[in-house]
Amino acid sequence: MRFLTFLPRCTLPFVLLVALLKVAPPVLGAPSFSLDQVLAYPYVSGLVSSEKGDRFAWVENVKGVRNIWFALATDTTPRKLTHYTEDDGQELTQLTFSADGSQLLYVRGGDHDENWPAQGNLAPNPANSPSEAKVEIWSVSIAGSNPLQIAEGDSPALSSKGQLAYVKEGQIWTAPLPRESNEAGKAKRLLFDRGKDGTPVWSPDGTRLAFVSDRGDHSFVGIYTSADHPLLYLAPSTGFDSNPVWSPNGDSLAFMRQPGQGDAPENFLVEHPNPFAFWAADVNTGKSRKVWSSPNTLAGSLPNIGENEPLFWMADNHLVFLAETDNWPHLYAVDIAGGDARLLTPGNFMVQNVVSTPDRHSLVYSANTGATAEDRDLRHLFRVGLDGHAPEPLTSGNSLEWSPAALTGGKVAYIAAGAQTPAVVAALANPGESHVLDTGSTKDFPSNALVIPKLVSFKSPDAFTIQGQLFRQAGAGVQQPAVIFVHGGPTRQMLLGWHFMDYYNNAYAVNQYLAARGFTVLSVNYRLGIGYGRAFQHPAHAGPAGASEYQDVLAAARYLQHLEGVDARRVGIWGGSYGGYLTGLALARNSDVFKAGVDWHGICNWIPQLAKEQALPEHWYEATPEWKQAIATALAASPNADIAKWTSPVLLIQGDDDRNVQFDQTVDLAHRLALQHTPFEELVIPNEIHGFLRRSNWLQADEATVKFLSKHLGAQAGH
């Protein structure tokens, strides 16, 4: 890691210096907790229940050390199943119970949020180990024993007969489960398929395996029965088929179909419909038929809310899925025989984290709705059946609840957090009757020292209503420096509490610490984000088509400049990924407003990023007036277009194994800033990915962020 500083010196006469000291604002205060302490928040993920719903498990990350915890549906005290001790940057994901619930499989290693794989498909190695890191499948006994390594691979699927299928190098493999030794059994490829295979799903009786065969510009859903039985491809077409789901009796399979990829890329200046349909197939004959299709309109497009699209085959032979034909991502049900889809969750809110109950009669989900305006920036749990009754609220109040795991007897396990208390796992038997499964991870956390962010709103120049969360100490002094935080994605929403994504838990902790140091912090939910409806998420002229969302960022700065107690001359900005892009845009276009910034792995030039993200061919645009306009618009929407006006100091941060934003974006930006002598510093973390895997790297980058903002905003602007 390297710091390069290009900060000009400023020498002031002694008399002028004394005069400045007399009118200078209060020095940034010393908080009652350290950055290290607030970054000791536990992060809970991967909550999953067994097929019977009688037990559940989850991953807890405390100070970079990840471990798996377990509980029965009747337990009030959880049990730790693994005992890792190092901040090694190796993820624990994809928890999978065996059919009898006696074993739990998990994947150790990898980057499961990447936009593209690393060259050579190398696994992340953020701990700088001299040995190559691997993505591996492990097993741990619920009865209590050391975890056993099974094989190198990903995406494990266990059949009801105990057979393991998994993905390795784009093919489906199998391996025996180890029982008493740490020696992995002999792994072998289960089947040969010409495509890049993924999403293995066993039939209920364990005799067939469905999988997705990606062929580049189209994909098939295939079924494997045995080594001496031909593969069966269901209704092969030019479309992209995905999301295979078995019927309860295993005789049929449903899947989603989208249009295949044509030769010419669609012009990004205009939003195009992304329709989708659901098909059902008889797995004995392969005979398939369309069950339902969305309208070929923008509102009929597949929802994009930052997570996988759910598809459920319910007990009464209805498919349940997510659509947003009424401007909101909602659950719809359609009879497997066909017909119109029926809305299950009406209202102006977004549905997320959907799971089916073990009996397949109802679903549990999280949503940003409730009795108050603040609920739009929170999450609560609801249950809905297919009987026509209104959804039943399971949780409410000023807390956040997400990632439900449905259990037997109507019980639900879930992850809960608040404005001051980070994530824990809880369970409820009835609405309002819940208990926390305490792992001891929040015992020494400085919860009471944290501020409770306030919901605020303001108008953009083109009349969009923008919401955000304001972090400010009670009784804060006058003339405070202010900082805007802009999230990434951009399919994200910042909340009035600890977040369901670890990346934004880190941001929330930093914003809390900045507030404790005497900053006023405004986290902005700009257009393009989720939680406020499809029209808000898909505005005109956004991103490479014109960066219309920047209006919201500048409006946030104007809001802060007119907020009582804020020094209008000391406003800064920080953000990561898409938020890094907006940070760069703010500094390039308005260094007169934004006096300093910290750009985490942002985009400075849209053109190479678009080509990489969409895997476009080398000559992806044609020499036509339409494409020339598109390229010119994307360049004008890039920070590089206004870099000559960029005068405010900036800190650039990125890991050089980033698989979401190309590292050469930061290389390019640093070079341009150096050429024009714009003051900047850089922090490069070798072998770290986009969302840092090691807690020590988060701490280092956060400390650099706070130090940089304090240095450049801790005194009056211009000095």
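Computed from the coordinates by the stated procedures, all read-outs in this text should not be read as laboratory data. The structure presented is a predicted model; accordingly, all values stated were derived computationally and were not measured. Note that we place each Cβ from the backbone using ideal geometry, even for glycine, and neighbour counts take in every protein chain shown.
Less than 17 Å apart at the alpha-carbon level, and either on another chain or at least 8 residues along: which aspartates and glutamates does that give for residue 188? Cross-link targets: 136, 152, 154, 169, 197, 228. Straight-line cross-link partners of residue 595 among the lysines, defined as a Cα under 16 Å from its Cα and at least 8 positions apart when in the same chain: 645, 707, 711.
Counting Lys and Arg as +1 and Asp and Glu as -1 over every other residue whose Cβ lies under 15 Å from the Cβ of residue 394, the net charge comes to -1. Note on region 507-559 and region 36-106: Cα centroid distance 33 Å, given to the nearest whole angstrom. If R0 is 22 Å, the Cβ-Cβ spacing of residue 373 and residue 449 corresponds to a FRET efficiency of close to 0.25. The residue 149 and residue 36 beta-carbon pair, evaluated with R₀ = 25 Å, returns a calculated FRET efficiency of approximately 0.15.
Per-residue ellipticity at 222 nm, computed for the chain from helices alone with -39500 (n - 2.57) per DSSP H run of at least four residues, works out to -4500 deg cm²/dmol. With K and R counted +1 and D and E -1, the other residues having a Cβ less than 10 Å from that of residue 44 yield a net charge of -2. Report the paramagnetic label zone for residue 435: residues of region 368-402 whose backbone N is under 19 Å from a point 7 Å from Cα along the Cα-to-Cβ axis. So the set is 395. Taking trypsin sites (Lys or Arg not before Pro) as exposed when DSSP calls them loop (any state but H, G, I, E, B) and at most 12 other Cβ atoms lie within 10 Å, what is the longest stretch of the chain free of them, the sites themselves excluded? Longest site-free region, per DSSP loop and neighbour criteria: 444-719.
Put a dot 7 Å past the Cα of residue 287, heading toward its Cβ, do the same for residue 271, and the two dots end up 4.1 nm apart.
Compactness of region 459-500 was expressed as the Cα radius of gyration divided by 2.2 N^0.38 Å, which yields 1.47.
As a proxy for reagent exposure, ranking 228, 657 by other Cβ atoms within 10 Å from fewest up yields 228, 657. Count Lys and Arg as plus one, Asp and Glu as minus one, and take only other residues whose Cβ is under 9 Å from that of residue 70; the net charge is then +2.
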